[in-house]
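To start, the structure itself, in C-alpha coordinates.
The values are calculated or read from the model by the stated rules, or taken from the named source; none is laboratory data. Being a predicted model, the structure only gives us computed values, none of them experimental. Note that each Cβ is placed from the backbone with ideal geometry, even for glycine, and that neighbours are counted across all protein chains shown. Surface areas here come from the heavy atoms of the whole protein model, side chains and all, with no ligands, DNA or RNA. Shrake-Rupley method; radii C 1.70, N 1.55, O 1.52, S 1.80 Å.
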Amino acid sequence: LLILSRVDVGAQSIELTPIRIDEIAASLLGRVGRLAKAKGVTVEFQLHPRPGSTDEIDFETMGDSGLIAILIQNLLENAVKYTPKDGQVRLDLSDYDNRIEIRVSDTGPGIAEENRERVFDRFFREPTTANTVGGSGLGLSIARRIAHLHGGEIALESGKPGATFITVIRR
(Lines give C-alpha, C1' and ligand atoms only; values in the text may rest on other atoms or scores of the structure.)
Protein backbone atom coordinates (compact mmCIF):
# COMPACT_ATOMS: atom_id res chain seq x y z
CA LEU A 1 0.00 0.00 0.00
CA LEU A 2 2.89 2.35 0.79
CA ILE A 3 4.52 1.70 -2.58
CA LEU A 4 1.24 2.39 -4.40
CA SER A 5 0.67 5.59 -2.42
CA ARG A 6 4.17 6.80 -3.31
CA VAL A 7 3.59 5.96 -6.97
CA ASP A 8 0.28 7.86 -6.89
CA VAL A 9 1.94 11.07 -5.67
CA GLY A 10 4.92 10.74 -8.03
CA ALA A 11 7.47 10.04 -5.29
CA GLN A 12 8.28 6.62 -6.71
CA SER A 13 7.84 4.82 -10.00
CA ILE A 14 7.48 1.15 -10.70
CA GLU A 15 10.22 -0.59 -12.62
CA LEU A 16 8.90 -2.66 -15.50
CA THR A 17 11.12 -5.58 -16.40
CA PRO A 18 10.44 -8.83 -18.27
CA ILE A 19 8.42 -11.11 -15.97
CA ARG A 20 6.68 -14.46 -16.29
CA ILE A 21 3.22 -14.31 -14.76
CA ASP A 22 2.90 -18.11 -14.76
CA GLU A 23 6.05 -18.43 -12.64
CA ILE A 24 4.88 -15.74 -10.24
CA ALA A 25 1.50 -17.48 -9.86
CA ALA A 26 3.09 -20.90 -9.35
CA SER A 27 5.35 -19.50 -6.62
CA LEU A 28 2.29 -18.32 -4.67
CA LEU A 29 0.47 -21.65 -4.75
CA GLY A 30 2.46 -23.13 -1.85
CA ARG A 31 1.49 -20.42 0.61
CA VAL A 32 -2.09 -20.14 -0.57
CA GLY A 33 -2.31 -23.94 -0.74
CA ARG A 34 -1.41 -24.20 2.95
CA LEU A 35 -4.14 -21.70 3.86
CA ALA A 36 -6.63 -23.58 1.71
CA LYS A 37 -5.68 -26.99 3.10
CA ALA A 38 -6.08 -25.75 6.69
CA LYS A 39 -9.58 -24.60 5.75
CA GLY A 40 -10.51 -27.73 3.73
CA VAL A 41 -10.58 -25.89 0.38
CA THR A 42 -8.96 -27.21 -2.80
CA VAL A 43 -6.97 -24.96 -5.14
CA GLU A 44 -6.55 -25.76 -8.83
CA PHE A 45 -4.16 -24.03 -11.23
CA GLN A 46 -4.31 -24.32 -15.00
CA LEU A 47 -2.51 -22.68 -17.93
CA HIS A 48 -4.38 -22.12 -21.18
CA PRO A 49 -2.57 -21.64 -24.51
CA ARG A 50 -3.39 -19.02 -27.10
CA PRO A 51 -6.56 -20.10 -28.97
CA GLY A 52 -5.59 -21.97 -32.14
CA SER A 53 -1.91 -21.94 -31.23
CA THR A 54 0.40 -24.91 -31.39
CA ASP A 55 3.25 -22.80 -30.00
CA GLU A 56 4.57 -22.84 -26.48
CA ILE A 57 2.45 -21.01 -23.91
CA ASP A 58 3.91 -17.55 -23.32
CA PHE A 59 3.12 -15.66 -20.12
CA GLU A 60 5.97 -13.18 -20.39
CA THR A 61 5.23 -9.48 -20.22
CA MET A 62 6.75 -6.28 -18.88
CA GLY A 63 5.84 -5.65 -15.28
CA ASP A 64 6.82 -5.31 -11.66
CA SER A 65 7.06 -8.87 -10.34
CA GLY A 66 6.49 -7.87 -6.70
CA LEU A 67 3.32 -5.94 -7.49
CA ILE A 68 1.95 -8.66 -9.79
CA ALA A 69 2.58 -11.17 -6.98
CA ILE A 70 0.59 -8.97 -4.58
CA LEU A 71 -2.27 -8.73 -7.09
CA ILE A 72 -2.50 -12.51 -7.57
CA GLN A 73 -1.98 -13.26 -3.89
CA ASN A 74 -4.77 -10.84 -2.87
CA LEU A 75 -7.18 -12.49 -5.30
CA LEU A 76 -6.27 -16.03 -4.21
CA GLU A 77 -6.34 -15.27 -0.49
CA ASN A 78 -9.74 -13.57 -0.82
CA ALA A 79 -11.07 -16.56 -2.73
CA VAL A 80 -9.85 -19.00 -0.06
CA LYS A 81 -11.12 -16.76 2.74
CA TYR A 82 -14.65 -16.61 1.33
CA THR A 83 -14.90 -20.24 0.22
CA PRO A 84 -16.47 -22.66 2.71
CA LYS A 85 -15.03 -26.04 3.69
CA ASP A 86 -15.05 -28.55 0.82
CA GLY A 87 -15.19 -25.66 -1.65
CA GLN A 88 -12.90 -24.95 -4.57
CA VAL A 89 -10.71 -22.09 -5.79
CA ARG A 90 -9.41 -21.99 -9.37
CA LEU A 91 -6.60 -19.95 -10.86
CA ASP A 92 -6.57 -19.94 -14.66
CA LEU A 93 -4.00 -18.10 -16.77
CA SER A 94 -4.80 -17.61 -20.45
CA ASP A 95 -2.32 -16.57 -23.13
CA TYR A 96 -3.54 -14.19 -25.84
CA ASP A 97 -1.59 -12.28 -28.49
CA ASN A 98 -1.81 -8.88 -26.81
CA ARG A 99 -2.80 -9.75 -23.24
CA ILE A 100 -2.59 -12.22 -20.39
CA GLU A 101 -5.76 -13.05 -18.50
CA ILE A 102 -5.69 -14.01 -14.82
CA ARG A 103 -8.96 -15.57 -13.68
CA VAL A 104 -9.60 -16.45 -10.03
CA SER A 105 -12.88 -18.23 -9.25
CA ASP A 106 -14.32 -19.57 -6.02
CA THR A 107 -17.35 -21.47 -4.77
CA GLY A 108 -18.06 -19.06 -1.92
CA PRO A 109 -21.29 -17.17 -1.21
CA GLY A 110 -20.66 -14.64 -3.96
CA ILE A 111 -21.20 -10.91 -4.05
CA ALA A 112 -24.55 -9.18 -4.22
CA GLU A 113 -25.32 -7.48 -7.54
CA GLU A 114 -25.48 -4.04 -5.95
CA ASN A 115 -21.97 -4.49 -4.51
CA ARG A 116 -20.21 -5.81 -7.62
CA GLU A 117 -18.38 -2.54 -8.34
CA ARG A 118 -18.14 -1.42 -4.71
CA VAL A 119 -15.91 -4.39 -3.83
CA PHE A 120 -13.03 -2.43 -5.40
CA ASP A 121 -13.56 0.56 -3.08
CA ARG A 122 -11.08 0.93 -0.25
CA PHE A 123 -12.37 -0.52 3.04
CA PHE A 124 -15.55 -1.94 1.49
CA ARG A 125 -16.55 -5.37 2.75
CA GLU A 126 -19.55 -7.38 1.60
CA PRO A 127 -22.13 -6.77 4.39
CA THR A 128 -23.37 -10.37 4.45
CA THR A 129 -19.92 -11.76 5.33
CA ALA A 130 -18.15 -8.80 6.99
CA ASN A 131 -18.74 -10.15 10.51
CA THR A 132 -17.69 -13.73 9.76
CA VAL A 133 -14.65 -13.18 7.52
CA GLY A 134 -11.65 -11.13 8.60
CA GLY A 135 -9.91 -8.49 6.56
CA SER A 136 -9.63 -4.76 6.07
CA GLY A 137 -11.33 -4.33 2.70
CA LEU A 138 -8.14 -3.17 0.96
CA GLY A 139 -7.11 -6.23 -1.07
CA LEU A 140 -9.27 -5.68 -4.14
CA SER A 141 -8.63 -1.93 -4.31
CA ILE A 142 -4.89 -2.66 -4.20
CA ALA A 143 -5.27 -5.35 -6.88
CA ARG A 144 -7.16 -2.94 -9.14
CA ARG A 145 -4.52 -0.23 -8.73
CA ILE A 146 -1.75 -2.70 -9.59
CA ALA A 147 -3.65 -3.84 -12.69
CA HIS A 148 -4.04 -0.19 -13.80
CA LEU A 149 -0.32 0.47 -13.26
CA HIS A 150 0.34 -2.39 -15.69
CA GLY A 151 -2.04 -1.05 -18.34
CA GLY A 152 -4.65 -3.60 -17.34
CA GLU A 153 -8.08 -3.95 -15.82
CA ILE A 154 -9.73 -6.10 -13.19
CA ALA A 155 -13.43 -6.85 -12.97
CA LEU A 156 -15.88 -9.09 -11.18
CA GLU A 157 -17.41 -11.33 -13.83
CA SER A 158 -19.97 -13.12 -11.67
CA GLY A 159 -21.23 -12.59 -8.21
CA LYS A 160 -23.67 -15.17 -6.82
CA PRO A 161 -23.08 -17.94 -6.03
CA GLY A 162 -19.33 -17.86 -6.10
CA ALA A 163 -17.21 -15.09 -7.56
CA THR A 164 -14.89 -14.83 -10.56
CA PHE A 165 -12.40 -12.00 -10.81
CA ILE A 166 -10.74 -11.46 -14.19
CA THR A 167 -7.59 -9.41 -14.51
CA VAL A 168 -6.28 -8.53 -17.95
CA ILE A 169 -2.65 -7.44 -18.26
CA ARG A 170 -1.67 -5.92 -21.61
CA ARG A 171 1.58 -7.03 -23.19
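So how exposed is E23, as accessible area in Å² (1.4 Å probe, rounded to 10)?
Approximately 110 Å² of E23 is accessible to the 1.4 Å probe.
Through the Karplus equation 6.51 cos²θ - 1.76 cosθ + 1.60, θ set to phi - 60°, convert the phi angles of the range 91-103 into ³J(HN,Hα) values in whole Hz; use x for Gly and Pro.
10, 10, 10, 10, 9, 10, 3, 10, 7, 10, 10, 10, 10
Check S158: other-chain or 5+ apart residues with amide H under 5 Å from its amide H, H built from backbone geometry?
T164
I'd like to compare 76-82, 35-41: which one has the highest average count of other Cβ atoms within 10 Å, and what's the full order after that?
Going from most to least packed, we get 76-82, 35-41.
Under 5 Å between amide hydrogens, which residues at least 5 positions from G63 or on another chain qualify, with H placed 1.01 Å from N in the peptide plane?
HN-HN under 5 Å from G63: T17, I19.
Using bins 5 angstrom wide from zero, how does P(r) for the range 13-105 break down, in % of all Cα pairs?
3, 14, 24, 21, 17, 12, 7, 3, 0
Using amide H atoms built 1.01 Å from N in the peptide plane, name the residues 5+ places from D58, or on other chains, whose amide H lies under 5 Å from its own.
Those qualifying (amide H under 5 Å, at least 5 residues apart or on another chain) are R50.
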